[in-house]
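Undergrad: Here it is, the structure, as structure tokens.
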Amino acid sequence: MRIMVTGGTGFVGSHSVRAFLAAGHSVRLLVRDAAKVRRVFDPFDLAIPERDVIVGDITDAASVEAAMTGCDGVLHCAALIDLRRSQAQRVHHTNTLGAELIVGGAARRGLPSIVYVSSASVLFRPGLPELHLGLPIADGTTAYARSKADSEHHVRSLQDDGHPIRISYPSGILGPDDPDLTGSNYALYTFFHDMGIVTSGTFQSVDVRDLAALHLRQLELPDGPHRHIAAGPALPWPEFYRVLDELIGHRLRRLTFPGALLRASGIVGDWVKHVWDFDYPMTRDAMEFATHWPGVDAAATRTELGFEFRPPAETFAATLRWLVHAGHLEPRLIGKLADS
Ligand SMILES: NC(=O)c1ccc[n+]([C@@H]2O[C@H](COP(=O)([O-])OP(=O)(O)OC[C@H]3O[C@@H](n4cnc5c(N)ncnc54)[C@H](OP(=O)(O)O)[C@@H]3O)[C@@H](O)[C@H]2O)c1
């Protein structure tokens, strides 16, 4: 299959491209920066032919059309993730129009296999005992969260019309070889670089390599719309740190904060952006997720696709070793993992 990929120079997209190529498919990338394609894929000895790199934007119908022409499948991974208030409109516009042009465009063309990357966070509301695919779509408070929710409504309506769209719902995504140190990888980095935070709720992640393998399976499904949650086990925060301590051979420095305090700091952070606009990751949404996340159930994904997610310890180890290898963390910070 020739698969058009958006976000191919990002974390999820680059891993998914590598999985598709390894399985014998070819790719066509719609990217903002051709030089980044070389920076991301050269270390893996992967040369994407120039004719298969379309420089453009997911909000530009002409570049989307050019990238999609001649393709049999689509993976739409691209999203603008920027938490500054000044960028709110741009974030919402980019992500919703992108989903409309790419997922909607692929459906209109009648492409047989369309994969859209959503987020498990669209299922989240505080107070639920567990998240699952039967829940209504949640709105969120940031422009990014609202853009994912609105895109989700659009993509599901296309599914309801019978288009062969497969949606993945990742929890926090961790793993090596991240071109830009995205959300969960950045959180893990700060826990080691600065200090860990223990609170209420759970930490639930999926390994980016498992997510890429899941996208490959979704793409190769013979027909119909499908939805799959992509998540490993939800670890209560003390258990998350116990696994890390065991891996590194010492106790990671950490402080305990009540969930209510972190949630209040998220509200204050969002409010401060009215006067000082900064890309502060501790938003109200993020603190709700960190302190109230009940866990999302991926049992149906495992049964339907015969898919197993690797144990969190394996993901944490690979991510920490990569954080050191890429120069983000000093080797001493990851203890005995640095020697193995
Ligand atoms: N990371 C997580 O924990 C997480 C969790 C749940 C869901 N997700 C979803 O997973 C998907 C992939 O995220 P990621 O973690 O891989 O983030 P990422 O590394 O920031 O990748 C986002 C990609 O989107 C591209 N992009 C942004 N705006 C664009 C535009 N206007 N036109 C074309 N391309 C554009 C970026 O291009 P450049 O390479 O040029 O920057 C980048 O390649 C997103 O849909 C996100 O919502 C992520």
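Undergrad: What FRET efficiency would be calculated for the residue pair D82, L261, taking the C-beta separation as r and a Förster radius of 30 Å, to the nearest 0.05? Spell out each step's value before the answer.
TA: Details: r = 26 Å, r/R0 = 0.87.
E between D82 and L261, to the nearest 0.05, is 0.70.
Undergrad: ³J(HN,Hα) across region 25-30 via Karplus (A = 6.51, B = -1.76, C = 1.60, θ = phi - 60°), whole Hz, x for Gly/Pro?
TA: Working through the residues one at a time gives 7, 10, 10, 10, 9, 9 Hz.
Undergrad: Can you pull a Stokes-Einstein diffusion coefficient for region 1-65 at 20 °C (1.002 mPa s), Rh from Kirkwood over Cα pairs, as a whole number of µm²/s?
TA: This corresponds to a translational diffusion coefficient of 183 µm²/s.
Undergrad: Grab the other residues whose beta carbon is less than 13 angstrom from that of L219, score K and R as +1, D and E as -1, and report the net.
TA: On the way: positive: R2, R166, R217; negative: D72, E220, D223.
Combined, the nearby Lys, Arg, Asp and Glu give 0.
Undergrad: Only sites in a loop by DSSP and with at most 13 other Cβ atoms within 10 Å count here; which trypsin sites (Lys or Arg not before Pro) in region 220-272 make the cut?
TA: R251, R253
Undergrad: At R251 and Y186, where each label point lies 7 Å from the Cα along Cα→Cβ, what is the point-to-point distance in nanometres?
TA: According to this spin-label approximation, the distance is 3.0 nm.
Undergrad: Ok, one more. Given the peptides 203-209, 141-147, 328-334, arrange them by the average over their residues of other C-beta atoms within 10 Å, most packed first.
TA: Result, highest mean first: 203-209, 141-147, 328-334.
Undergrad: Going by average Cβ density within 10 Å per residue, which order do the peptides 154-162, 53-61 take, highest to lowest?
TA: The densest-packed peptide leads the list: 53-61, 154-162.
Undergrad: Among 43-52, 2-11, what's the highest-first ranking by average C-beta atoms within 10 angstrom per residue?
TA: Values: 43-52: 11.6, 2-11: 25.0.
Result, highest mean first: 2-11, 43-52.
Undergrad: Neighbour counts of other C-beta atoms within 10 Å: give me H25, H325 arranged from fewest to most.
TA: H325, H25
Undergrad: If you don't mind, another one. Ranked by Cβ crowding within 10 angstrom, fewest neighbours first, how are F257, F240 ordered?
TA: Numbers: F257 17, F240 21.
Going from least to most buried by this count: F257, F240.
Undergrad: How long are the three semi-axes of the equivalent ellipsoid of the chain, in whole Å, if each is the root of 5 times an eigenvalue of the C-alpha gyration tensor, listed from largest down?
TA: Values: eigenvalues 191, 107, 81 Å².
Semi-axes (√(5λ), whole Å): 31, 23, 20.
Undergrad: Anyone know which of G98, G73, G196 comes out most mobile in the 10 Å Cα GNM of the chain?
TA: G196
Readers should treat all values here as calculations from the given coordinates under stated rules, not as data from a laboratory. These numbers were taken from a predicted model, which means no experiment stands behind them. Here the Cβ is made from the backbone with ideal geometry for all residues, glycine too, and neighbour counts use every protein chain on show.
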